[in-house]
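For reference, the structure is listed below as structure tokens.
Every read-out reported here was derived from the displayed coordinates using simple, explicitly stated rules and does not represent laboratory data. Predicted, not measured: the structure shown is a model, and the values here were computed from it. Using ideal geometry, Cβ is built from the backbone for each residue, glycine included, and neighbour counts are taken over all protein chains shown.
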Amino acid sequence: MRSLALLLLLVALAARAADDVASWRPWLDAPLAAPKTAAPAFPAERELARLRDAGVWGAQWTAQPPSVAWNDVLVQLVVKYQQNPQRAVRNLGYLHAVIHDALVQCARRGCEPAVRPVAMHAAAGRMLAHLYPDEASGRLEALGVSAATAVLASHGGHAQALLAWQAGCAVAESAIRRALDDGWDLPRLPASRPAWQPGVWRASPPLNMYDPIEPNAGRWRTWVLKDGAEIEPPPPPAYGSPAHAADVAEVRKVFAALTPGQKRIADDWNLGAGSVTPPGVWTLEAKKLVLARKLDAAQAARVFSTLNIAMLDTMIACWHAKYRWWVERPVTVIRDNGDPAFLPYLFTPAHPSYPSGHSCASGAAGEVLAFYFPEDRASLKAMALEAATSRLYGGIHFRSDNEQGLRLGERVAARVLGRPQEAVAQSAETTR
């Protein structure tokens, strides 16, 4: 009897270890909402069998983890709608948070592992439909149905399909409620802009845009940080100080001797609106690592959600710092101090200089991916440093902008990675 009891205990412990997803802590801290739309009528078992026998139907959704497939959809939308890095990383954060949480909530409701991707696809399609209302009506949600059907076809019809779908939709509806009130549409407040004096940001040639980009992004609701002010870089070098003068002199020196290789690096990382943006580049790097290591759907969801939540909170902290100090860009400083015709290699973005947004996002991304893929730590850190240094090569940031941006990203990422991953005391019953 004792041997049988021990065997049963070992079996139970093994099952628990193999299925610990239910114990993961969700990113969303709000109660789950009731789905607003009816569950789709999935094909009957005979039709699923026909699709399965076809072999290739739905392969795009079953050959890789849901996080990878939906990330590809989102970066295409970022390019299509010419989104800036702040808007792009906000959407990436929401997408990967709901994919992760749908997995967790489905597991807590008793879904078997094979059907959990149905919940992930349901959440992703519904979330993207909210984030991109200008897409053809129903297109993105239909992608979710198509992906869920592909999962069922590949594994056989499953009685838990509707349960999984409802779990994913409930997560998405809760995230949508959050997105409606996270500060993304705060009104601009011109009166808060400081009067110009030497060292304070102003419109920069050749674009000469008076109105800076996303002045309220530093006030958006964070996911792990208390707010954008919780982790800050140190104050920037004071205008006219020896440290500031050294920064200015270095921009001049680098520009005067810019090599073809440095120009290539500056061009490769010059990822403004209309590109996948720096956060998008880092998600594509994550995709390569996830596929190369053959991570499963759950492991991939954890990597992608942690990466994008870290980049999002970092960019909020970065933009808080930018509009706390309003540091002037190199081009206007240099033009005012002996070189009125100076134009850097890259166009200067229309927002304050300190700290560098590319550096902030890359510092966070390099830290998160190095945590999950320690064997690639050196190359990931080198990639982050290259992203930061590219802004010096482009002549649009000082070294202090880049160094402190990297450090800020690393500090925020450490906070996100240190967030307890075990679930708070909460049973599957309380999440239904």
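What's the ranking of 77-86, 99-108 by average number of surrounding C-beta atoms within 10 Å, highest first?
Working: 77-86: 19.2, 99-108: 28.8.
The densest-packed peptide leads the list: 99-108, 77-86.
Could you tell me how many cubic angstrom of Cα convex hull volume the range 289-432 has per residue? Walk me through the intermediate numbers first.
Details: hull volume 20.1 nm³, N = 144.
Once divided by residue count, the hull of the range 289-432 is 139 Å³.
Using alpha carbons only, how many degrees (0 to 90, rounded to 10) separate the axis of helix 2-18 from the longest principal axis of the chain?
Result, in degrees: 40.
Quick one: compute the contact order of the chain, relative version, from alpha carbon pairs under 8 angstrom and 6+ residues apart, as a percent. Before the final figure, lay out each step's value.
Values: 723 pairs, mean separation 93.1, N = 432.
With pairs under 8 Å counted, the relative contact order is 22 percent.
How large is log10 I(q)/I(0) at q = 0.06, 0.13 Å⁻¹ when the Debye formula is applied to the Cα atoms of the chain, each weighted equally and without solvent?
-0.28, -1.08
Specify the angular offset, from 0 to 90 degrees and rounded to the nearest 10, of the alpha carbon long axis of helix 242-256 from the longest principal axis of the alpha carbons in the chain.
Between the helix axis and the principal axis of the chain, the angle is about 80 degrees.
Just give me a number: lysine pairs in the chain, eight or more positions apart or cross-chain, with C-alpha atoms less than 30 Å apart.
Number of lysine pairs found: 21.
Show me 404-415, 37-48, 215-226, 374-385 ranked by packing, highest mean number of other Cβ atoms within 10 Å first.
404-415, 215-226, 374-385, 37-48
Return the FRET efficiency for the residue pair K294, N337: r is the Cβ-Cβ distance, R0 is 35 Å, and the value is rounded to the nearest 0.05.
Here the calculated transfer efficiency is 0.05.
How would C318, C111 line up from fewest to most surrounding beta-carbon atoms within 10 angstrom?
In increasing order of surrounding Cβ atoms, one gets C111, C318.
Can you give the convex hull volume of the alpha carbon atoms of the range 198-417 per residue, in Å³?
So the per-residue hull volume is 119 Å³.
Mean residue ellipticity at 222 nm from the helices of the chain, using -39,500 (n - 2.57) per DSSP H segment of n ≥ 4 over the full residue count, to the nearest 500 deg cm²/dmol?
Only helices count here, giving -19000 deg cm²/dmol.
When the dipole is taken about the Cα centre of the range 198-417, and only Lys, Arg (+1) and Asp, Glu (-1) are charged at their Cβ, what size is it in debye, to the nearest 20?
It comes to approximately 240 debye.
Going by alpha carbons, how many degrees (0 to 90, nearest 10) lie between the helix axis of 277-292 and the longest principal axis of the chain?
Once rounded, the angle reads 40 degrees.
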